[in-house]
Structure formats: structure tokens, C-alpha cells
1. Please list, ordered by residue number, the helices (runs of 4 or more DSSP H) wholly in the range 110-183 having 1 or more residues that are farther than 22 Å from SER283 by Cβ and in contact with a Phe, Trp or Tyr (Cβ under 6 Å, 6 or more places away or on another chain).
2. What about LEU530, is it in contact (Cβ under 8 Å) with a residue 40 or more places away in the chain and of a type in the set (A, V, I, L, M, F, W, C)?
3. Being surrounded by 15 or more Cβ atoms within 10 Å (Cβ to Cβ), assigned to a loop (DSSP other than H, G, I, E, B), at negative phi and of a type outside the set (Lys, Arg): is that true of MET278 here?
4. Taking the options SER260, SER268, name whichever one is modelled with pLDDT of 90 or more and assigned to a helix (DSSP H, G or I).
5. Could you please find all residues in the range 70-99 being among the charged types (D, E, K, R) and either crowded, with 21+ Cβ neighbours inside 10 Å or touching a helix residue (DSSP H, G or I) at 6+ places or on another chain (Cβ under 6 Å) (or both)?
6. Need at least 2 residues that are modelled with pLDDT of 85 or more per element, so show me which helices (runs of 4 or more DSSP H) inside the range 353-457 make the cut, counting only ones lying wholly within it.
7. Specify which of the listed residues (LYS92, LYS123) is among the charged types (D, E, K, R) and either at pLDDT below 90 or over 49 Å from the mean Cα position of the chain (by Cα) (or both).
Amino acid sequence: MTSIVEMPKANLDEAVPIWMKIDWSDEVLHDIYRDWGTYYSRRRRENFALHYLNKALALEPLDHMTLYKRCQSKRKAAQMLGALADSRDAAKLALKVDGEERAIINLDICDVLYELNQFENSKAEIHNNMRVFIGNKRKSFVQRQLVVDGVIKDVTGEAMSAFFTKNLKTVNIVHDLIKEKERIDNRPLWKVLKEQGKCDVQSIPEVQEEMLSPMEIARRKRAFNIYHQSYINDSWIDVLFMKMLCKNPNLLLPQCKESSYFLYNLSSKQYEIVRKFMKMLQSRCPLYLVNYLKYGNKAMSDRYREAYLFRVQYQTHRNMNQALKQIRVLRKAKKVQQLAKFVEELMGTYVVLKTARVMCWKFEFLNEVYNTMALTLSEQLRVPKGFTSQGSNAILRLLHLPVERVKDFVSLTFGDRQPEPEGNDPATLRAKKLTARLEHRMIFAKYSIEKCYLLHQISQSYLDQGRHSECAFNARKAIKESKNCNSNLWKFLSVVQIVKANAILHKLEQTREALDDALPIAQSLKTQELIFFIETCMMCNTEDSINKRATLMQARRESKAESVATHSLVSGQDNEESNPS
């Protein structure tokens with residue numbers, strides 16, 4: 001029993017360092033911790049440095065030099081507000097010490113104010129110290145004054161005047177937004193909402209998600225790269241890597257719960273430090289000053305800009321022609337799936353990011369692509385050779401739909417939609433991603449023909465997922481949109497989507513009504529193949545209706561015969577019971 005108790009004690013004595021076994025005084029421990037903090041601060045390990053400097057201050061809170069060293073460490077970690085508080089506390093404690101240490105600490109206050117982008121306050125602090133100190137101590141403040149004056153001149157000089165003149169409208173809008181955010185309204189929430197014409201019930205306000213257009217997303221991404229390229233040259237790629245690292249699933253594995261949390265905090269903290277230092281650089285030398293110094297000759301700058309625009313226009317024109325050639329080749333080869341995928345990638349990732357200035361004839365290009373896509377889809381609506389309308393599910397085979405019967409169909413009820421169970425089917429996941437992508441594009445679509453294409457593709461995606469009510473709903477929206485662009489072809493294709501959604505559910509009456517709507521549209525297109533296709537669909541639907549009616553009549557006769565037989569059997573048993581002899 002004694003050995004069991006002594007064993008942990010021996011291990012504990014071995015684990016404790018030798019220097020901790022000595023009974024040091026608080027003064028000696030304070031010096032040791034401060035030296036360690038200084039050592040780690042020089043090696044840029046700020047977490048360890050702040051840890052030991054905090055332990056040193058816990059032993060001697062009134063040591064101004066320890067506060068000064070902690071201020072230096074916080075400045076390296078971009079903790080400027082904490083550094084300013086430490087430097088001011090150190091300055092109060094250093095009033096009765098030697099003038100050299102006071103000058104160092106006061107100079108640190110001026111530097112922290114400068115790094116906080118408070119250039120006016122830093123300049124005022126420098127002038128106050130220049131009245132107090134003389135000789136060599138004053139020279140440091142004079143050098144800081146030259147730096148601060150140069151920054152103020154750069155920020156408020158000719159570059160700012162030219163920038164404000166060029167972007168006066170945008171500056172006014174931004175100024176109003178800043179004033180609106182800074183305005184503090186202490187009234188109850190229901191009063192504020194009542195004035196704005198919103199719901200005046202005092203509850204948790206809904207946070208609206210910021211919806212950015214694809215062009216705005218690309219613009220911000222490009223501005224992010226230009227911003228860092230202007231200040232740190234080739235090192236901008238490292239900042240972009242740090243930004244991506246904060247959300248990289250290969251680093252932040254959900255299976256590794258403890259390490260992923262630690263790595264997320266580490267990467268986010270280091271990225272925030274870099275961003276703070278970049279904001280310091282931008283405040284001292286704004287981007288408009290960089291552009292003003294780089295492009296001093298306005299005539300030459302405009303000439304270079306115009307030449308670059310022409311190069312981009314020419315390359316875009318070549319890409320447009322190449323895309324149209326590829327679309328025609330795919331249509332001729334009747335590769336509908338490849339064509340649909342190519343059109344979606346082309347229009348969703350390339351064309352959507354081009355302005356009318358860069359992509360000349362953009363509207364005509366959109367019309368050409370979407371009309372070619374509609375023609376390709378309509379060419380698939382043909383009656384195959386040797387097709388007969390006899391037999392069940394003939395209309396499904398004609399529309400290229402699955403023949404098996406749909407089971408457990410749940411109709412769409414407005415306001416009562418239940419969350420769908422998550423599936424692991426790759427095809428379903430791809431369809432959901434495509435639907436989300438198309439719906440996001442639909443928000444920022446400008447032209448009606450583009451909306452017709454998007455709504456048709458959304459309805460097709462819902463049809464592939466087995467969500468037939470949503471398919472018909474989006475097809476009806478596409479029909480309304482086709483009237484704005486006067487496109488009978490997209491209107492016909494949208495009606496065919498309604499036919500498919502009803503036919504696959506064996507809704508014969510709704511299918512007949514949709515086919516009746518499709519026939520005059522096909523006649524207005526003056527295409528005999530489409531007219532014959534719709535008439536064949538009508539025949540198949542009629543045949544299915546007859547078969548269904550015959551099946552119902554047969555089932556009714558069988559049920560009637562069974563009921564008669566059962567009645568006669570029961571009456572016979574009653575007669576036997578009434579006559580036991």
C-alpha cells in the first residue's frame with residue numbers, strides 16, 4: 001500500500017523542472033517571466049510572449065517596462081487597442097522615472113495612434129511631446145512628425161481631389177449609408193418598424209441574406225486580388241491562400257473534432273492579423289493615391305485603357321464565334337445532353353460575367369444560343385417509325401418517360417411543405433445542385449428569353465427528381481414569360497413539360513387539356529412533325545382513357561358479381577337456419 005502512494009509522488013518530482021523547486025522571490029520570478037516574454041516576442045511567437053508577460057505583470061502590476069514590452073507584443077499581433085491601453089498605463093507609471101524611458105514610452109503611444117490610423121491624434125501627441133523633451137530625445141519625435149505629415153499630405157492631396165471628382169455620386173451614396181449605420185435609434189423596435197411600414201410586432205427581426213449577382217461576385221474577387229497586388233506585389237497569392245485555408249475542408253476535417261477547432265481558430269486569427277496590417281497600409285497610402293502615382297499622365301493612361309478594352313473585345317468576339325460553332329456541331333450530331341451541359345456552362349459562367357461594353361451584340365448572342373437550344377429540344381419531339389398507339393403507357397414511351405408507375409406521390413400544398421429527406425443518390429444530388437444554380441441565375445436574369453430557358457430547365461430538373469407539381473408550376477411561369485419575348489417555340493416546350501408532368505402521373509384529363517393547348521401552338525409554328533407528334537399524343541391519351549374506362553367497368557362488374565354471390569350465400573344460410581328440419 002505504501003508503494004502505491006509513493007509512486008505518483010516520485011513521478012511528480014521528476015516532472016517538475018529543477019528551477020521550480022527553488023523558492024524564488026517574486027522579484028526574481030518577475031524578471032524571469034519578463035525575459036522569457038522578451039525572448040518569445042523577438043522570435044515572433046506572440047502567444048507565448050503575452051502569456052509570460054501577463055504572468056510577470058501579475059507579480060508586479062506597476063512595472064512600466066513590462067507594460068511597454070507587452071505593448072510591443074500586442075502591436076506585432078495587431079492588437080492595437082490593447083497596445084494603446086498598455087502604453088498609456090505605462091506612461092502614467094513612468095512619470096517619476098528617467099526621461100529616456102519616458103520618451104520611449106511616449107513615442108510608443110504616438111506609433112500606436114499612427115497604426116490605428118488616427119493620424120491627427122498622433123500628430124497632436126507628437127507636438128505635445130516635442131514641447132516636453134529636448135536634445136536627442138526630441139529628434140525621434142521630429143522624425144515621426146515628418147512621417148505623419150507626409151501621410152496626411154498623401155491622403156488629402158491632389159489624388160483625393162481627383163478621386164472625389166471622378167466618383168462624386170458613389171461617395172455621396174456611401175456617405176449616406178455610413179451615416180445611416182452610425183445613427184442610433186433608442187426607440188422600441190415596434191415603433192421603428194411601424195414608421196417603416198413593416199410588421200410592428202416586437203420580435204426577433206429576420207436577418208436578410210445578401211444576394212450578390214455573379215457579376216458582383218466576380219468584381220469583388222478581382223478587387224480583392226488587385227488590392228493586395230498593389231501593396232505586396234507577388235505575395236498577394238499568399239493572402240489568397242490564407243483566405244482559402246480558413247474554409248478548406250482538407251484542413252478542417254469534421255472527423256477530427258479537437259484539431260479542426262484548433263486549426264480553424266489558428267488560421268482565422270492569422271488571416272485577421274494580415275488583414276489588419278493590410279488596412280493599415282491602405283490607410284497610409286490609399287489605392288487612389290497608388291493609381292494617381294502610377295498613371296500620372298491621364299492621356300497615356302486613357303490610351304492604354306482603350307487599347308486593353310479593344311483586346312478584350314476582340315478576344316471575346318472570337319470566343320463567341322467559337323462557342324456558336326461548337327453549339328451547331330453538337331446540334332447536328334444530336335448530342336442533346338452534351339449541348340445542354342455546354343450551354344449551361346457557357347451562359348452561367350462566362351457570358352453572365354460579360355458586360356455589354358465588353359461583349360458587343362450580347363443580346364443577339366443570347367437569342368442565338370437559346371433559340372438553337374430550343375430548336376434542339378423540339379427536334380427530339382418526333383414520332384418514331386413503326387410506333388403504334390396500342391397498348392398501355394404508349395404516351396409515356398412517346399414522351400421518353402419512365403414506364404413504371406409512380407408510387408407514394410404527395411401533392412404540393414401551399415404553405416404546408418415538409419422537409420425532404422436527404423438522399424445519397426448522386427443523380428439526385430446533382431439535380432438539386434443544378435436546380436439551386438438555375439434558381440440563383442433566375443434572380444438576376446434580365447431578358448425574357450433567358451428566363452424562359454431557365455424556367456424550362458428548372459421544370460426539367462424537378463421532373464427528373466420526381467417533383468411533378470413544381471415542374472408544372474415552373475412550366476406555367478415559363479409560358480407567361482414567353483409572351484414577353486413572343487417566343488412560340490419556348491411556349492410550346494413549356495406546355496410539353498406540363499404534358500409530361502401530368503402523363504407520368506396518369507392524369508388523363510389534365511393531360512388532354514395540356515395537349516389541347518399545345519396543338520394550336522404547334523400549328524402556329526407550321527411544323528408538321530410537331531403537329532403530328534401532338535396528334536399522336538392525343539390518340540395515345542384517348543386510348544389510355546378508353547383502356548382505363550374499360551378496366552374500371554370490368555372491375556365494377558367483378559365487384560358487383562362478388563356482392564351478388566355473397567348475398568345469395570348469406571340468404572341461403574338464413575333459410576337453412578329458419579328451417580332446421
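1. Answer list for the range 110-183: 119-132.
2. Yes, satisfied.
3. Here the answer is no, as MET278 does not meet what is asked.
4. SER268
5. Those that are among the charged types (D, E, K, R) and either crowded, with 21+ Cβ neighbours inside 10 Å or touching a helix residue (DSSP H, G or I) at 6+ places or on another chain (Cβ under 6 Å) (or both): ARG70, LYS74, ARG75, LYS76, ASP86, ASP89.
6. In the range 353-457, the matching helices (runs of 4 or more DSSP H) lie at 362-378, 426-443.
7. LYS92
The values are calculated or read from the model by the stated rules, or taken from the named source; none is laboratory data. Since this is a predicted model, take the numbers as computed values, not measurements. Positions of Cβ are backbone-derived with ideal geometry, glycine not excepted, and every protein chain shown enters the neighbour counts.
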